[in-house]
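Quick notes on the structure that follows.
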């Protein structure tokens, strides 16, 4: 962006005086549309990594991945490589994967178990809490060790095993971020487990896509595309999406829901025509699971859960509760991201049931799947379409992406929850409302 | 010791299977499979029980039929157009050959052009393990297991027959 454009943009926006030389997001995110430049501009990407992934809360992983003290997994939070580790006290720490001496990455495999982290450059040794324990030839240092620990997430929260972190520690409480809806969506999934607990220990599969990361919250919560992008799936096999997401407003009654804070759901429940439609089986095939579940929650609730299925929901900014699959949206570069997923496994369910969930996951998600492969190609085509759009075009009315579908027929309840037909862009707008709040935060700070 | 005749027959089978896959000759490729065919691309090494793991691809015969049917719908966005691709197979080792069952390992490299989107040239190196069986005199494939060099690193769309 050249200086002239910056001045002309700044002269329009209400926040111009505090966003000096910066990108004026209020000019680029409007109620009914967003500007395509937000999907590829490198400056936008850099600011997102700071505003959303450093200053905000994001999903890191699940406690079941690191059951024993010393178990760790490597994760990416925006630009920051982090280690999620079970400490000596059984608590979970989220540490920067970077030696505090010269910046060397401490872990390069996906996961492991260690009683400490040792840098391979000068053998500095850190505890599982990130504190510096020992350095070779310590007489060379007059600084106290306490000043030389690893960087760590300022806040870490654990809700039913879902681990969230806020790197800068200034984002406010997790309750404020997740809200009642975030908790309810996680509850709805966990409650379907016979023990009430999930096991997400089957490993994560990376689907590398040449698109901006924000196209995945959009696609994961978009009910409009299913009958078109996934027509080949629908034509070659029976799936529950035929009932809940295909055919348009006239034939199904699913809802697109924006709970606020960027938490979104495609609520299929009103459309299901039979129990277990979401799993594609009859009750006889999952009798052991049903028995185990109803033992804890009772028959009435268990029956209801068999109908309702797990939620299809997105928690801002990077967690997709994709029914029987969990996915992380991982930004890499403006036009490069990873959609990383694992299979939900219900602790306390029989092996045959959990294996069914594995096979369901393989069919639906990942590089060789029947479904998200066509989302990937679609995201890549969007990326190709928007890659020439400059931020300066906004004022010239070029390069806009329309998200107005259903604005005239949205319902808003007493809690501010917006909902509409599942083919409406209520969910997509919900993502961008929250995005705008996060990206223009510096204005109010 | 495998006879030169059997070795030649196996090599010809593998090359034909590779060409059918490269050229999206889907019916011809499917005709090479036995009814028990298992197709597996793990997200790591070829080890352990496939049914207990989360893989990139883990098809029984029914699912591979669905996979082929999906490609034949004419609506499979991620293969419109089909990827122009060629693979090279080498280092063919016949592990065992008895009672009409042959176990073979081979290295491969696939060059695939992502003609559906970015136009990127994608390179897929790895090892294939085949189980071949003799059905009515002809070799058929009852398992194809693929260990990608990049198995741990995540993948681009893999919507062709690997």
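State which residue is surrounded by the fewest Cβ atoms within 10 Å (Cβ to Cβ) when the search covers only region A:343-368 and only residues that are within 8 Å of chain B (Cβ to nearest Cβ) and in contact with a strand residue (DSSP E or B) (Cβ under 8 Å, 6 or more places away or on another chain).
So, considering only residues that are within 8 Å of chain B (Cβ to nearest Cβ) and in contact with a strand residue (DSSP E or B) (Cβ under 8 Å, 6 or more places away or on another chain), the one surrounded by the fewest Cβ atoms within 10 Å (Cβ to Cβ) is A:359.
Does residue A:320 satisfy the condition of being assigned by TED's automatic domain parsing to the domain that holds residue A:428, under 21 Å from residue A:432 (Cα atoms) and touching a strand residue (DSSP E or B) at 6+ places or on another chain (Cβ under 7 Å)?
Numbers: assigned by TED's automatic domain parsing to the domain that holds residue A:428: yes; under 21 Å from residue A:432 (Cα atoms): yes; touching a strand residue (DSSP E or B) at 6+ places or on another chain (Cβ under 7 Å): yes.
Judged against the criteria, residue A:320 is a match.
Scan region B:72-95 for residues that are without any contact (Cβ under 8 Å) to a residue 60 or more places away in the chain and assigned to a helix (DSSP H, G or I) and jot them down.
Filtering region B:72-95 for residues without any contact (Cβ under 8 Å) to a residue 60 or more places away in the chain gives B:72-75, B:77, B:80-81, B:84, B:88, B:90-91, B:93, B:95.
Those that are without any contact (Cβ under 8 Å) to a residue 60 or more places away in the chain and assigned to a helix (DSSP H, G or I): B:72, B:77.
Does any residue of region A:122-129 turn out to be at negative phi, outside the structural domain of residue A:388 (by TED's automatic domain parsing) and not in a loop (DSSP other than H, G, I, E, B)?
Kept after step one, since they are at negative phi, are these residues of region A:122-129: A:122, A:124-129.
Right, trim to outside the structural domain of residue A:388 (by TED's automatic domain parsing) and you get A:122, A:124-129.
In the following step, the residues that additionally are not in a loop (DSSP other than H, G, I, E, B) were identified as A:125-126.
The answer is yes, given that some residue of region A:122-129 is at negative phi, outside the structural domain of residue A:388 (by TED's automatic domain parsing) and not in a loop (DSSP other than H, G, I, E, B).
Residues to consider are B:90, B:83, B:78; find the one that is more than 14 Å from chain A (Cβ to nearest Cβ) and modelled with pLDDT of 95 or more.
On the way: B:83 fails: more than 14 Å from chain A (Cβ to nearest Cβ); B:78 fails: more than 14 Å from chain A (Cβ to nearest Cβ).
Checking each option against the conditions leaves just B:90.
Among the helices (runs of 4 or more DSSP H) contained in region A:168-250, which hold 3 or more residues that are assigned by TED's automatic domain parsing to the domain that holds residue A:310?
In region A:168-250, the matching helices (runs of 4 or more DSSP H) lie at A:215-220, A:226-229, A:231-236, A:241-244.
In region B:133-159, which residue that is without any contact (Cβ under 8 Å) to a residue 24 or more places away in the chain and away from chain A (no Cβ under 13 Å) is farthest from residue B:6 (Cα to Cα)? Lay out the reasoning, then the answer.
From region B:133-159, those without any contact (Cβ under 8 Å) to a residue 24 or more places away in the chain are B:136-138, B:153-154; that's our starting set.
Now restrict to residues that are away from chain A (no Cβ under 13 Å): B:136-138.
Working: B:136: 16, B:137: 12, B:138: 11 Å.
Only one residue fits best here, namely B:136.
Could you figure out which of (1) more than 30 Å from residue A:294 (Cβ to Cβ); (2) touching a strand residue (DSSP E or B) at 6+ places or on another chain (Cβ under 7 Å) isn't true of residue A:423?
Every condition holds for residue A:423 apart from (2).
Of everything in region A:130-148, what is out of contact with any helix residue (DSSP H, G or I) (no Cβ under 7 Å at 6 or more places or on another chain) and outside any loop (DSSP other than H, G, I, E, B)? Give them in sequence order.
Pass one, region A:130-148, residues out of contact with any helix residue (DSSP H, G or I) (no Cβ under 7 Å at 6 or more places or on another chain): A:130-131, A:133-148.
Listed by number, the residues that qualify are A:133, A:134, A:138, A:139, A:140, A:145, A:146, A:147, A:148.
Failed condition for residue A:381, given (1) out of contact with any strand residue (DSSP E or B) (no Cβ under 6 Å at 6 or more places or on another chain); (2) without any contact (Cβ under 8 Å) to a residue 60 or more places away in the chain; (3) closer than 21 Å to residue A:270 by Cα, with all others met?
(3)
If you scan region A:184-217, which residues turn out to be at positive phi and more than 10 Å from chain B (Cβ to nearest Cβ)?
First, pick out the residues of region A:184-217 that are at positive phi: A:196, A:203.
The one that is at positive phi and more than 10 Å from chain B (Cβ to nearest Cβ): A:196.
Can you find a residue in region B:45-57 that is within 11 Å of chain A (Cβ to nearest Cβ), buried (at least 18 other Cβ atoms within 10 Å of the Cβ), touching a helix residue (DSSP H, G or I) at 6+ places or on another chain (Cβ under 7 Å) and free of Cβ contacts under 8 Å to residues at least 40 places away in the same chain?
There is at least one residue in region B:45-57 that is within 11 Å of chain A (Cβ to nearest Cβ), buried (at least 18 other Cβ atoms within 10 Å of the Cβ), touching a helix residue (DSSP H, G or I) at 6+ places or on another chain (Cβ under 7 Å) and free of Cβ contacts under 8 Å to residues at least 40 places away in the same chain.
Given the criteria in a helix (DSSP H, G or I) and within 14 Å of chain A (Cβ to nearest Cβ), does residue B:63 qualify? Walk me through how you get there before you give the answer.
Details: in a helix (DSSP H, G or I): yes; within 14 Å of chain A (Cβ to nearest Cβ): yes.
Yes, satisfied.
Would you confirm whether or not region B:103-117 contains a residue that is within 27 Å of residue A:379 (Cα to Cα), surrounded by fewer than 18 Cβ atoms within 10 Å (Cβ to Cβ), within 14 Å of chain A (Cβ to nearest Cβ) and at pLDDT 95 or above?
Within region B:103-117 (the criterion being within 27 Å of residue A:379 (Cα to Cα), surrounded by fewer than 18 Cβ atoms within 10 Å (Cβ to Cβ), within 14 Å of chain A (Cβ to nearest Cβ) and at pLDDT 95 or above), the answer is yes, since at least one residue qualifies.
Can residue A:201 be described as surrounded by fewer than 20 Cβ atoms within 10 Å (Cβ to Cβ), in contact with a strand residue (DSSP E or B) (Cβ under 9 Å, 6 or more places away or on another chain) and over 30 Å from residue B:119 (Cα atoms)? So that I can check it myself, show each step before the final result.
On the way: surrounded by fewer than 20 Cβ atoms within 10 Å (Cβ to Cβ): yes; in contact with a strand residue (DSSP E or B) (Cβ under 9 Å, 6 or more places away or on another chain): yes; over 30 Å from residue B:119 (Cα atoms): yes.
The answer is yes for residue A:201.
If we keep just the residues of region A:358-372 that are touching a residue at least 60 places away in the same chain (Cβ under 8 Å) and assigned to a helix (DSSP H, G or I), which is nearest to residue B:160 (Cα to Cα)? I'd like the intermediate steps shown before the answer.
Going through region A:358-372, the residues touching a residue at least 60 places away in the same chain (Cβ under 8 Å) turn out to be A:358, A:360, A:365-367, A:370-372.
This time we only want the ones that are assigned to a helix (DSSP H, G or I), so: A:358, A:360, A:372.
On the way: A:358: 22, A:360: 20, A:372: 14 Å.
Among residues in region A:358-372 that are touching a residue at least 60 places away in the same chain (Cβ under 8 Å) and assigned to a helix (DSSP H, G or I), the one nearest to residue B:160 (Cα to Cα) is A:372.
When you look at residue A:275, is it part of a helix (DSSP H, G or I) and either closer than 22 Å to residue A:343 by Cα or in the same structural domain as residue A:409 (by TED's automatic domain parsing) (or both), yes or no?
no
From A:220, A:249, grab the single residue that is surrounded by fewer than 18 Cβ atoms within 10 Å (Cβ to Cβ), more than 13 Å from chain B (Cβ to nearest Cβ) and in contact with a strand residue (DSSP E or B) (Cβ under 6 Å, 6 or more places away or on another chain).
Among A:220, A:249, only A:249 is surrounded by fewer than 18 Cβ atoms within 10 Å (Cβ to Cβ), more than 13 Å from chain B (Cβ to nearest Cβ) and in contact with a strand residue (DSSP E or B) (Cβ under 6 Å, 6 or more places away or on another chain).
Would you point out the residue of region A:64-109, among those that are touching a helix residue (DSSP H, G or I) at 6+ places or on another chain (Cβ under 7 Å) and closer than 24 Å to residue A:326 by Cβ, that is nearest to the other protein chains (Cβ to nearest Cβ)? Explain how you work it out, then say what you get.
Of all residues in region A:64-109, those touching a helix residue (DSSP H, G or I) at 6+ places or on another chain (Cβ under 7 Å) come to A:73, A:78-79, A:92, A:100.
Of the ones still in play, those that are also closer than 24 Å to residue A:326 by Cβ are A:73, A:78-79, A:92.
Working: A:73: 13, A:78: 18, A:79: 18, A:92: 23 Å.
Within region A:64-109, the match that is nearest to the other protein chains (Cβ to nearest Cβ) is A:73.
The values are calculated or read from the model by the stated rules, or taken from the named source; none is laboratory data. A quick note: this is a predicted structure, and the numbers were derived from the prediction, not measured. Using ideal geometry, Cβ is built from the backbone for each residue, glycine included, and neighbour counts are taken over all protein chains shown.
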